[in-house]
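Accompanying notes for the structure given below.
The values are calculated or read from the model by the stated rules, or taken from the named source; none is laboratory data. All of these numbers come straight from a predicted model, not from anything done at the bench. In this analysis, Cβ positions are derived from the backbone assuming ideal geometry, glycine residues included, and neighbour counts consider all displayed protein chains.
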Amino acid sequence: MRFEPGRLILHRDTHHGRIAFVHPGRVISDDDRGLLIWVARGAAIAVERTLDGRGPRDFPFADWMAAAKQPRAAAWNGPGVLRFFPPGENHSVWFFRDDEGSFTEYYVNLEETAVRWDDGEAAGIDVTDQDLDIVARADGTWFWKDEDEFAERLARPDLYWVPDEAAVWAEGRRVIKKIEAGEFPFDGTWVDFRPDPSWTAPTELPQGWDRPVTTRS
């Protein structure tokens, strides 16, 4: 399954069958290299929150998992961001920008590979964020991010959705080799991307955004 360029699809982060966030993105390309989408500033999103509006970083992990939660409407308030999902790989690469639209850094989300779905009116990808991340600069320097959060959650295997800590670290180290070598997509590809000025940020999510999480084979 591939998505047509220009189509609006949904990027969903999912945990144990729950939807942690839904971000609509415009398809830039979808080919053998992978799926590239653009999430615009101001786009309508949904984010999982407790009933009193708090997020996962407002609690110890066990308390967050025990709390009653639901997706809440919000907006993507940061600069627009490109997101690249290489096929069959357990990470995505986000191209962060400043308010003027200039590239600032690569943000590597370590996650279970994207699973695609298409219901007609709504379509998208479901991933499972594994929390450990990498921030990389254009000069090949990098650093780990959220190691403490990853460790805290690994200490609760009865609650956490990451079954194999070693596999996550191994994927990160594999990506770091690409960063240091300046290999695609860390070779300057897409750092000068500019979105089509006719694209407007979606003001609401399409019907079906909360469809059941896609089962992984």
Of all residues in segment 156-178 being assigned to a helix (DSSP H, G or I) and of a type in the set (D, E), which is surrounded by the most Cβ atoms within 10 Å (Cβ to Cβ)?
E171
Let me spell it out: the conditions are (1) under 26 Å from S198 (Cα atoms); (2) surrounded by fewer than 18 Cβ atoms within 10 Å (Cβ to Cβ); (3) within 18 Å of the chain's Cα centre (by Cα), and V27 meets all of them except one. Which number is the exception?
(2)
Being closer than 29 Å to F103 by Cβ, out of contact with any Asp or Glu (no Cβ under 8 Å at 6 or more places or on another chain) and part of a loop (DSSP other than H, G, I, E, B), is that true of even one residue in segment 146-154?
no
Pair list, Cβ under 6 Å, 6 or more apart: segment 85-106 residue more than 18 Å from G188 (Cβ to Cβ), other residue part of a loop (DSSP other than H, G, I, E, B) and of a type outside the set (A, V, I, L, M)
D99/P79
Residues of segment 121-148 satisfying the condition of being touching a residue at least 40 places away in the same chain (Cβ under 8 Å) and among the charged types (D, E, K, R):
E121, D126, D129
Can you tell me which condition T50 does not meet? The list is (1) of a type in the set (S, T, Y); (2) surrounded by fewer than 17 Cβ atoms within 10 Å (Cβ to Cβ); (3) more than 22 Å from G172 (Cα to Cα), and all the others hold.
(2)
If we scan segment 118-133, do we find a residue that is crowded, with 16+ Cβ neighbours inside 10 Å, assigned to a strand (DSSP E or B), β-branched (V, I, T) and in contact with a Phe, Trp or Tyr (Cβ under 7 Å, 6 or more places away or on another chain)?
yes
Inside segment 179-204, can you point out the residues that are within 17 Å of L82 (Cβ to Cβ), surrounded by 12 or more Cβ atoms within 10 Å (Cβ to Cβ) and not β-branched (V, I, T)?
F184, P185, F186, D187, W190, F193, P195, W199, A201, P202
Quick one: which strands (runs of 3 or more DSSP E) sit completely within segment 2-94 and have at least 1 residues that are among the aromatic types (F, W, Y) and either closer than 24 Å to D119 by Cβ or at pLDDT below 95 (or both)?
18-31, 34-39, 81-85
Any residue in segment 177-184 that is over 23 Å from N90 (Cα atoms) and over 20 Å from the mean Cα position of the chain (by Cα)?
no
Does H15 fit the bill of being closer than 21 Å to F184 by Cβ and crowded, with 17+ Cβ neighbours inside 10 Å?
no
Give me the pairs: first residue in segment 185-205 and in a loop (DSSP other than H, G, I, E, B), second residue aromatic (F, W, Y), beta-carbon distance under 7 Å, and six or more apart or on different chains, which are they?
P185/F84; F186/Y106; W190/F95; V191/F95; V191/F103; P195/W38
Would you confirm whether or not segment 57-67 contains a residue that is touching a residue at least 60 places away in the same chain (Cβ under 8 Å), crowded, with 16+ Cβ neighbours inside 10 Å and farther than 30 Å from S198 by Cβ?
yes
